[in-house]
Amino acid sequence: MTVRPFSRFNALPRWIRAPGVLLLGTLGGMLALRIGAPLPWLLGPLLAVAACALLGMEGGVPDQVRKGGQAMAGFCVGLFFTPVVAERVLALGWLMVLGSLCSILASVAMALALARAGKCDRSTAYFAMLPGGLAEMAGFARQFDANVALVSLSQMLRVVIIVITLPSLLLALGTDAGVDSATAGPEMGYGMAAAGVALAAAIAMAMQRLRIFNPWLLGGLAAGIAFGLLLPSSLYAPQLLRIAAQIAIGAALGVRFRRALMRGVHGRFLPATMVATLALIGVNCGLAWLFSAYVPLAAGALATAPGGIAEMSLTAQAMHLSPPLVTAWQLVRILMVALLAGPLYSWYRRVVPAAAPPRPDPR
């Protein structure tokens, strides 16, 4: 007889399940904080919700939770863009473009290895390894007839692996030397923070109408940067707002690890994806070392890491490793992926021999 630990929970209405998942994520964050884990309010919710989702929990978290978390995260990070910091970030634009191009080419090389080792078709391997964001790469996968489920799974795994391993590695190596922290003053009041988030939501909805990619994160960034540039003195976002953003993003990412997504995956795909991700982290850390004359190594490692822009921005903020630089670098790379994914794919298809046809998406 099959044991279904979440059968009663899954039978509840969605409006009850969604707060339950967020409560689970909050408890996961509290536990992670208690044991001294790095990034407790991001990793705790992610791991707690992902574990329950793999056991059969159907979270039913509305997409508005993820969007709200991205808007809040963008606003929190955008506040670091004071005039002095913004000027320095712009001066490093050439380095961001160069580093992003190297990172993208390294991802294409890893896709060649994943196609062979992971027993997946070449199109799926290509979009699984590109560091362009889960939603964007899933859209490309549909457009080019790749396996959307495998691409989504690989993109999620990469973000989780990076968030788990890279901060711990940087802490073990010691980030005090060469830390490039953005300075800010005291916390702003909750009324001002609420006004900032409302502005972020308004900008995000306008961007969404214009079909601009990742509008909620960019809307939050735009609002935060406006506050950071215009306020007479720099301020942090309130701690509760920063925690809420991390819980929302962590829970929204964790709930994606559904059982149905794991069914039908070739036994070699998951380990091959993990090895390729770790190799890609190593390549990008090598790039950060090469660029350490311009950017401190710890901040450069987060900036070049092939993770999601929201997750890397929150990580940089939590570790005090130049959030504006990390965010700007991640944004430049996503823009370059959006521009280069199609042309690079045409070249990739010509040089990579065809493999087995794509497997149907496990639904």
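The values are calculated or read from the model by the stated rules, or taken from the named source; none is laboratory data. Treat the numbers as computed from the prediction; the structure is a model and nothing was measured. Neighbour counts are summed over all protein chains in view; Cβ atoms, including those assigned to glycine, are modelled from backbone coordinates with ideal geometry.
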Across (1) modelled with pLDDT under 85; (2) crowded, with 23+ Cβ neighbours inside 10 Å; (3) in a helix (DSSP H, G or I), Ala318 clears everything bar (2)
Check: Looking at this structure, is Ala252 over 20 Å from the mean Cα position of the chain (by Cα) and either buried (at least 24 other Cβ atoms within 10 Å of the Cβ) or more than 16 Å from Phe80 (Cα to Cα) (or both)?
Finding: no
Here the residues within the range 96-131 that are of a type in the set (A, V, I, L, M, F, W, C), surrounded by fewer than 18 Cβ atoms within 10 Å (Cβ to Cβ) and more than 16 Å from Ala279 (Cα to Cα) are Val97, Leu98, Leu101
Within the range 256-313, restricting to residues that are touching a Lys or Arg at 6+ places or on another chain (Cβ under 7 Å) and part of a helix (DSSP H, G or I), the one that is modelled with the highest pLDDT is Thr277
Practice problem: State whether the residues of the range 20-37 include one that is outside any helix (DSSP H, G or I), on the phi > 0 side of the Ramachandran plot and in contact (Cβ under 8 Å) with a residue 12 or more places away in the chain. | Solution: no
Taking the range 82-117 and keeping only residues that are under 23 Å from Ser233 (Cβ atoms) and either at pLDDT 90 or above or touching a Leu at 6+ places or on another chain (Cβ under 9 Å) (or both), one is left with Thr82, Pro83, Val85, Ala86, Arg88, Val89
Ala146 vs (1) out of contact with any Pro (no Cβ under 7 Å at 6 or more places or on another chain); (2) of a type in the set (A, V, I, L, M, F, W, C); (3) in a loop (DSSP other than H, G, I, E, B); (4) under 16 Å from Gly342 (Cβ atoms): all pass except (1)
*Quick one: is Ala71 within 28 Å of Arg349 (Cβ to Cβ), in a helix (DSSP H, G or I) and in contact (Cβ under 8 Å) with a residue 60 or more places away in the chain?*
no
Checked Phe213, Phe227 against criteria (hydrophobic (A, V, I, L, M, F, W, C), over 23 Å from Gly59 (Cα atoms) and in a loop (DSSP other than H, G, I, E, B)); the one match is Phe213
Met137 passes all but one of the listed conditions (1) assigned to a helix (DSSP H, G or I); (2) out of contact with any Lys or Arg (no Cβ under 9 Å at 6 or more places or on another chain); (3) more than 18 Å from Gly308 (Cα to Cα); the exception is number (3)
Yes or no: Ala138 under 17 Å from Leu270 (Cβ atoms) and not hydroxyl-bearing (Ser, Thr, Tyr)?
no
Suppose the filter is surrounded by fewer than 23 Cβ atoms within 10 Å (Cβ to Cβ), among the aliphatic types (A, V, I, L, M) and in contact with a Ser or Thr (Cβ under 6 Å, 6 or more places away or on another chain); does Ala226 pass it? no
The one condition Pro238 fails out of (1) at pLDDT below 90; (2) surrounded by 15 or more Cβ atoms within 10 Å (Cβ to Cβ) is (1)
